[in-house]
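A short write-up of the structure that comes next.
The values are calculated or read from the model by the stated rules, or taken from the named source; none is laboratory data. These numbers were taken from a predicted model, which means no experiment stands behind them. Heads up, the Cβs are rebuilt from the backbone with ideal geometry, glycines too, and the neighbour counts pull from every protein chain shown.
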Amino acid sequence: MIFQSYDARKKINCETDIRNAEMQTIHIFVQTWVPDYLVRILKDPNFSYELFEWNKIIKLSMVVGSPFRCYQALTNSQLDGLLCLSLESHKLKIEFIATAPWNYYTVGKMRRIGSGMIYFAIKRGIYAGGKGDFYLNALPDAENFYQKIGMVKTGQINQVNLNEYYMPVKEASSYLKTFKKYVIQE
C-alpha cells in the first residue's frame, strides 16, 4: 500500500510505502531506532516507550508458518514505521506498531505514518477474513491517539502493565473512510 504522508519540517507531502519487512529492516531497527529510543528515555523520563518483544516478533515473522507478519513503512527508502500483526481465528492483533523515534521529537518529522499503518492493519484483517476489528496493547503516551480514532479500552492488561485496546468493526469502517483520501495505491 502506498499513502500520502507529510514531512512537517519541509512542509511537503511524501509517499510512504507499506510492504513486507525484510531482514535488513531488523538491522536498521536495531542499529538506529533502539539506540535513539534509549537516548530519548535517558533525556526525557516521561518518554515511556517499551520495546515489547520486538526482536522475537520480527525474527519470527520471517519464518514460514509463523503467526506473525511484519511490515515496514518506507518513505524515500527511509524506515519510518514498523508494524507486526498476528491473526488467530480471524482475530487480528497488532503485536507491535511504532513510528521512527525522530518523529517523536519536538516538531517531529513525518506525519500520518502511524495512521497509515492502522489503515493497513484494518485492510489486512479484512483481507484475512475478519471484519476490520483488531486489538493492541497501548503505550501510555499513545492511548489518547487510540481513543481519538475510536478504539476502546477493554480492561485487560498485559504482562508489562499496558492496557489492551479494541477497535470495533463500526469504528474501523469509519476509520477506513476517513483515511482513504490519503491512499494512493492499495
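Give the range 78-109 a look and list any residue that's over 24 Å from Glu164 (Cα atoms), hydrophobic (A, V, I, L, M, F, W, C) and modelled with pLDDT under 85, or say none. Hits for the range 78-109 are Trp102, Val107. Considering only the range 112-142, state which residues are of a type outside the set (Asp, Glu), touching a residue at least 12 places away in the same chain (Cβ under 8 Å), surrounded by fewer than 17 Cβ atoms within 10 Å (Cβ to Cβ) and over 13 Å from Met167 (Cα atoms). Ala128, Gly129, Pro140 - these are the residues of the range 112-142 that are of a type outside the set (Asp, Glu), touching a residue at least 12 places away in the same chain (Cβ under 8 Å), surrounded by fewer than 17 Cβ atoms within 10 Å (Cβ to Cβ) and over 13 Å from Met167 (Cα atoms). Looking only at residues of the range 93-142 that are touching a strand residue (DSSP E or B) at 6+ places or on another chain (Cβ under 8 Å) and hydroxyl-bearing (Ser, Thr, Tyr), we find that the one that is nearest to Gly155 (Cα to Cα) is Tyr135.
Return the only residue of Glu164, Glu186, Glu88, Glu171 being touching a strand residue (DSSP E or B) at 6+ places or on another chain (Cβ under 9 Å), of a type in the set (Asp, Glu) and farther than 24 Å from Gln4 by Cα. After applying the criteria, what remains is Glu164.
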